[in-house]
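Just below is one structure, and these are the notes that go with it.
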Amino acid sequence: MQQCTPLEAQTTQTSPDNIAGGSTINPMQNGESEAHHSHVNLPSTDRTQEHSLEDVCRELHTKVIRFLREETEDRVLKDVQEQTRIALGVIQEALVKYSIEQLCFSYNGGKDCLVLLIVYLVGLYAHLRPTAEATSAGVGSAPHTTATNGGHMESLDYQNTTEQHTSPATTSKASSTSPSTYSSASPKNTSSLVFPTQLTSIYIQTPHPFPEVTSFVASSSAYYHLDLVASSLPMKEAFTEYLNEHKEVKAIFVGTRRTDPHGGSLTFFDETDRGWPKFMRIHPVIDWHYREIWAFTRHLDIPYCSLYDMGYTSLGGTNDTHPNPKLVVDAGASTSAEALQTGLGRAETEATKYRPAYELVEDDEERLGHSATSSLTPGTSNLHNLKPRNESATVVPAFSLFQVRFRVVHLNFLYPPLFHFLRMAKHKSNIDLINECDNFPYPSSPTYRSTLSSFYTFYITPCPHPVGYILPQHALSLEEIIFTSPSFSDKYTFDHNARTLTLELPYPSSDLPPIEAEAVRSDIMAQTARAMQESGKWEVLKGWRDELYPIYGEGNRQGGRTLLCSVERAASAIFGIVTFGCHMTAHTTSKEDGAIKIWVPRRAKTKSTYPGMLDNTVAGGIATGEQPFECVVREAAEEASLSEDLVRKHVKAVGTVTYLHIRDERAGGETGLLQPECQFIYDLDLTGVEDVELKPSDDEVESFELMRVDEIRGAMGRGEFKPNCAVVLLDFFVRHGVLTFETERHYMAICSRLHRDLTLATA
C-alpha cells in the first residue's frame, strides 16, 4: 500500500504511486483576487500531467471491473463488491438526472470521500464510454425502475456482476434467478461525447488543518483532475458562497456514511434542509461500513493520506483530532484514551505507537480520536444553526454520536443531556413535527425512488402486495441466517435483482386452510426471529418482548381482515411491517373559559426508547388477537392507574393516525429502519368526573402532569415529545379547533399527512 507523506512531493508529474503534497491547485475562479477572504491557497507545484482525466478514469474503470469479477470467499470483500455495485447505480442515476456541469464533488482528502471519488470516476467513465465489458460487470447501466407486484411502490435495482456464472450474491435458493439485462441510460452515441478535462469540486477546510491533509488534498486533486475551490468559511457559508458563484451546480456528491453524526436517516438523494443553500446531496457510500471502506482502498491499492498510518481513523483538525486510542500498540504507554479525550496536543502523543487505521474493525470506535464536536454533514441538522452568543464564547462541549448498524453494538451518544439540549435548540413548527415523524419521502418527492431503492421489499404469499421493507444490510444478514437454518431455509426466496424477500409455503402446505396456514407461517417467523436474536447481529433484538405483532394481507371478499402471520414485536422494525397501536388523550375542559388541559406523562429515564420524553396520556402496541378498544382499556390501567369501568364508560374512538417513520437513535437499536404505523386514536373526556388523578402504576412512566394547551405546544416546539405523540396531539388540536386554517399556515398539509396512505398491506 502506498503511503503518502509530504516528503514525497512530486514536482513534475503526479502519479498514483506518489500522490502526496505539492501539486498545483488554483482555488481562484474567473480571475478573482487572491485576497478573497473565503478562499484557501493549497501547496502548489507543477501541475503538468501526462495522463488526462479520461486516462485516469479508464485505468480505474478497468481496475474496479476486475475487482467486481473476482471470486472470493472473503465475506468483507463480497460485501464491498455489493456496496460498489449499489454505489455505481446511485452514481449512474445521478448522471442521468443531472448534467456533468450540474454536479459537484465535495472533497476533503478523507478515506470516505476518497472511496466515493474513485467510484464516481468509474461511474463517469461507464456513463460516457459504455462498453460491453462494463455492462457485463454491472457498470454503466442506469438504475432500472420496476413496480412491485402490488403496483404501489417503485423500486430500483442494480445489475449484479456475472461472467459465465451466477454470482453467489445474486440469487438465494435452489432455483436460481438470472440477472436482468439493462440498456444503458446514457446517450446512444456516447463515443462522440467530449470527456471533461476537470471535475467541479469544493474543499471546505477545517479551521486547523493537518499539513498532511492539506498536502494530500493538493496532490490527489491534481492527479484526479479536480477543479478544486477551497474555502475556510464555515460549512453553511462556504456552500452559500460557492453556489452563488457556481449557479449551474444543482447537486453535490458527499462522502457521508450512515455511522457519521446525523447520517442515520439519510438516503441516497437528500435535499438540504430549510435555511441551507438549496442543492441535492448525493450519498452513494451512505451504507458502507468502516472496514468496507478500508477493504476497498487497500484491495485496489488506492493511495491515501499518511495520517491514517499513524493511527488516525477520522480526520478533523489539529485541535480536536488525535490517533485512535483503540490502536495504541503499547497498552502501558503514557498516553491514555482518557488523556486523548481531554485534549492533549499532537506533540504530546507522538511518543506513543499506533497501529494503522485499517486495523480497526468496529464502526462505533471510528471517532474515538475526536475530542471536540466534529464537522456535520451539510444540511442535515439544525445543529448548524447553533452559534456562540458572542465571538469569544466557548463552543458547546464535545460530544460524539455513534450510530452503528446491524453488525455492531449501538453507542448512540456519550452525553445524553447535551444531545437532548442540542436537539431541542431550534423551536419546531407544527409542520416540523409532522416531518420528524412522517419522514419517509412521498411519491412526489425527487428522493422517493432513491430512498425506496435502499430497501428490500418483503412479501408473504399468497398476498400479492408488499408487507414490509428491509434495509439491504439487514437483508444480507438475514440471508446468512436463513440459509444456514435447514428447518426454514426452503421457506424463503431472495431475488437480489428485484431486491425482494418472499416467505412462501411450499406444496402441500400452500393448500392448508387459512387458519392452519397462518399458524405455519407464524411458526416460521418465530424460528427466524429467534435465530436472528441468537446470532447477536441485531441490537434491537436485545429488547426481546415475547409479544407478537400481526402481519395482515389483503381483505377477503366479505371485507374481513386476513391475518397472514405474527412476528416477535422486537423484530417488526427489521422487517419494516406495519405495526398497530392505540393512543389515548385524557383531557378536561374548563366550564368558565373553555380552556383545555391534558394529562401528560413523562417517560421513565430508564426506558431504552425515547427516555425521559413526554408522551400521550396512554399509549401501547396492539398485539395479535387484541382489539384496539381492549388495548386502550388495558394500557390505561397499566400506565395511568385508570379503572376499567371509567375508561369503558367515557372513552371514545375518534379515528386513526398513520405515518411512515424512519427510526433514529432515540428509538433504540439500529437506525434507519422503516417503521410504518397505524395508531387508533381515543379521547377520554374527564370534564366533570370527580376524584380522578392519573398516576404511574408501572416503571415505564415517571410522572403525570395536567398541562395547559399553551404549555403543551411550547414543549412540542422544544422537541420534548416523542415524535409520534406530538403528531397525535396535532390530530387532537385539529379535531378540537385549537389548530385551524386561520391560525396554521400549513393546515391543509398537516390534515392530509395525519392520515397517510401506507401503501403496504394493512388491516
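The values are calculated or read from the model by the stated rules, or taken from the named source; none is laboratory data. Model, not experiment: these values are computed from the prediction. In this analysis, Cβ positions are derived from the backbone assuming ideal geometry, glycine residues included, and neighbour counts consider all displayed protein chains. The protein model used for the area step is the full one, side chains on, heavy atoms only, and it has no ligands, DNA or RNA in it. Shrake-Rupley method; radii C 1.70, N 1.55, O 1.52, S 1.80 Å.
Please verify whether Gly714 is at pLDDT 95 or above, surrounded by fewer than 16 Cβ atoms within 10 Å (Cβ to Cβ), out of contact with any Pro (no Cβ under 6 Å at 6 or more places or on another chain) and not charged (D, E, K, R), treating the condition exactly as stated.
On the way: at pLDDT 95 or above: no; surrounded by fewer than 16 Cβ atoms within 10 Å (Cβ to Cβ): yes; out of contact with any Pro (no Cβ under 6 Å at 6 or more places or on another chain): yes; not charged (D, E, K, R): yes.
No, not satisfied.
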Report task. Only residues in the range 644-666 that are farther than 30 Å from Thr267 by Cα and free of Cβ contacts under 8 Å to residues at least 40 places away in the same chain count as the first member; pair them with residues that are open to solvent by 20 Å² or more (accessible area, probe 1.4 Å) and basic (Lys, Arg), Cβ under 9 angstrom, at least 6 apart or cross-chain, and list the lot. Result -> Glu644/Arg634
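Can you give me the number of residues within the range 534-555 that are farther than 21 Å from Ile622 by Cβ and open to solvent by less than 60 Å² (accessible area, probe 1.4 Å)?
To start, the set of residues in the range 534-555 that are farther than 21 Å from Ile622 by Cβ comprises 534-539, 542.
Now restrict to residues that are open to solvent by less than 60 Å² (accessible area, probe 1.4 Å): 535-539.
Adding up the residues that qualify gives 5.
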Requested in this report: Any residue in the range 688-717 that's touching a residue at least 12 places away in the same chain (Cβ under 8 Å) and closer than 28 Å to Val734 by Cβ: show its pairings with residues that are open to solvent by 50 Å² or more (accessible area, probe 1.4 Å) and assigned to a helix (DSSP H, G or I) at Cβ separation under 7 Å, as long as the two are six or more apart or on different chains.
Outcome: Val689/His650
Report task. Look through the range 406-453, keep the residues that are assigned to a loop (DSSP other than H, G, I, E, B), modelled with pLDDT of 80 or more and hydroxyl-bearing (Ser, Thr, Tyr), and return whichever of them is surrounded by the most Cβ atoms within 10 Å (Cβ to Cβ). Result -> Ser453
Requested in this report: Say whether the condition of being open to solvent by 10 Å² or more (accessible area, probe 1.4 Å) and assigned to a strand (DSSP E or B) is met by at least one residue in the range 636-647.
Outcome: no
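Would you mind stating whether Gln679 is surrounded by fewer than 22 Cβ atoms within 10 Å (Cβ to Cβ) and of a type in the set (S, T, N, Q)? Show your work before the answer.
Details: surrounded by fewer than 22 Cβ atoms within 10 Å (Cβ to Cβ): no; of a type in the set (S, T, N, Q): yes.
When the stated conditions are applied, Gln679 does not pass them.
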Query - Odd one out for Thr740, checked against (1) outside any helix (DSSP H, G or I); (2) of a type outside the set (Gly, Ala, Ser); (3) surrounded by 18 or more Cβ atoms within 10 Å (Cβ to Cβ) - result: (3)
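Considering the range 269-279 alone, what residues qualify as being open to solvent by 10 Å² or more (accessible area, probe 1.4 Å) and either touching a Ser or Thr at 6+ places or on another chain (Cβ under 9 Å) or farther than 19 Å from Asp664 by Cβ (or both)?
Here is the first cut: in the range 269-279, the residues open to solvent by 10 Å² or more (accessible area, probe 1.4 Å) are 270-278.
Of everything in the range 269-279, those that are open to solvent by 10 Å² or more (accessible area, probe 1.4 Å) and either touching a Ser or Thr at 6+ places or on another chain (Cβ under 9 Å) or farther than 19 Å from Asp664 by Cβ (or both) turn out to be Asp270, Glu271, Thr272, Asp273, Gly275, Trp276, Pro277, Lys278.
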Query raised in the report: Within the bounds of the range 57-72, is there any residue that is in contact with a Pro (Cβ under 7 Å, 6 or more places away or on another chain) and at pLDDT below 95?
Result: no
Query raised in the report: Does at least one position in the range 588-605 carry a residue that is touching a helix residue (DSSP H, G or I) at 6+ places or on another chain (Cβ under 7 Å), in a strand (DSSP E or B) and open to solvent by 10 Å² or more (accessible area, probe 1.4 Å)?
Result: yes
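Say we look at the range 743-763 and pick out the residues that are open to solvent by less than 30 Å² (accessible area, probe 1.4 Å), of a type outside the set (A, V, I, L, M) and within 29 Å of the chain's Cα centre (by Cα); which of these is nearest to Tyr610 (Cα to Cα)? Step through it out loud before you land on a result.
Applying the first criterion (open to solvent by less than 30 Å² (accessible area, probe 1.4 Å)) to the range 743-763 yields 744, 750, 754, 756, 758-761.
Now restrict to residues that are of a type outside the set (A, V, I, L, M): 744, 756, 759.
This time we only want the ones that are within 29 Å of the chain's Cα centre (by Cα), so: 756, 759.
On the way: Arg756: 23, Thr759: 27 Å.
The qualifying residue nearest to Tyr610 (Cα to Cα) is Arg756.
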Requested in this report: Can you confirm whether the range 661-668 contains a residue that is assigned to a loop (DSSP other than H, G, I, E, B) and either among the charged types (D, E, K, R) or open to solvent by less than 10 Å² (accessible area, probe 1.4 Å) (or both)?
Outcome: yes
Query raised in the report: Got a sec? Which of Ser392, Ser371 is closer than 24 Å to Tyr203 by Cβ and either surrounded by fewer than 21 Cβ atoms within 10 Å (Cβ to Cβ) or modelled with pLDDT of 75 or more (or both)?
Result: Ser371
Query raised in the report: Can Thr500 be described as among the polar types (S, T, N, Q) and buried (at least 19 other Cβ atoms within 10 Å of the Cβ)?
Result: yes
Query raised in the report: Could you say whether any residue in the range 482-489 is touching a residue at least 40 places away in the same chain (Cβ under 8 Å) and crowded, with 21+ Cβ neighbours inside 10 Å?
Result: yes
Report task. Hey, could you check the range 246-264 for residues that are surrounded by fewer than 20 Cβ atoms within 10 Å (Cβ to Cβ) and not aliphatic (A, V, I, L, M) and say which is nearest to Glu101 (Cα to Cα)? Result -> Glu248
Query raised in the report: Just a yes or no: is a residue in the range 293-311 among the basic types (Lys, Arg) and modelled with pLDDT of 85 or more?
Result: yes
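To keep it simple, each residue is scored yes or no on (1) over 24 Å from Glu71 (Cα atoms); (2) at pLDDT below 90; (3) surrounded by fewer than 24 Cβ atoms within 10 Å (Cβ to Cβ).
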residue: Glu82; (1), (2), (3): no, no, yes
residue: Ile91; (1), (2), (3): yes, no, no
residue: Ser99; (1), (2), (3): yes, no, yes
residue: Tyr120; (1), (2), (3): no, no, no
residue: Thr131; (1), (2), (3): no, yes, yes
residue: Ala137; (1), (2), (3): no, yes, no
residue: Ser141; (1), (2), (3): no, yes, no
residue: Gly150; (1), (2), (3): yes, yes, yes
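Out of everything in the range 719-763 that is polar (S, T, N, Q) and in contact (Cβ under 8 Å) with a residue 60 or more places away in the chain, what residue ends up being farthest from Asn435 (Cα to Cα)? Steps first, please.
Of the residues in the range 719-763, the ones polar (S, T, N, Q) are 724, 740, 743, 752, 759, 762.
Next, from what is left, pick out any that are in contact (Cβ under 8 Å) with a residue 60 or more places away in the chain: 724, 759, 762.
Numbers: Asn724: 10, Thr759: 18, Thr762: 22 Å.
The extreme case among them is Thr762.
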Query raised in the report: Considering Tyr224, Tyr312, which residue is surrounded by 22 or more Cβ atoms within 10 Å (Cβ to Cβ), within 26 Å of Gln198 (Cα to Cα) and hydroxyl-bearing (Ser, Thr, Tyr)?
Result: Tyr224
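Being more than 22 Å from Tyr659 (Cβ to Cβ) and either open to solvent by 50 Å² or more (accessible area, probe 1.4 Å) or among the basic types (Lys, Arg) (or both) is true for just one of Arg521, Arg561. Which residue is that? Steps first, please.
Details: Arg561 fails: more than 22 Å from Tyr659 (Cβ to Cβ).
Of Arg521, Arg561, the one residue that is more than 22 Å from Tyr659 (Cβ to Cβ) and either open to solvent by 50 Å² or more (accessible area, probe 1.4 Å) or among the basic types (Lys, Arg) (or both) is Arg521.
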Query raised in the report: For Glu693, all conditions in the list (1) surrounded by 14 or more Cβ atoms within 10 Å (Cβ to Cβ); (2) over 23 Å from His755 (Cα atoms); (3) at pLDDT below 90 hold save one; what is the number of the exception?
Result: (1)
Query raised in the report: Can you name every residue in the range 648-660 that is open to solvent by 10 Å² or more (accessible area, probe 1.4 Å) and of a type in the set (A, V, I, L, M, F, W, C)?
Result: Val651, Ala653, Val654
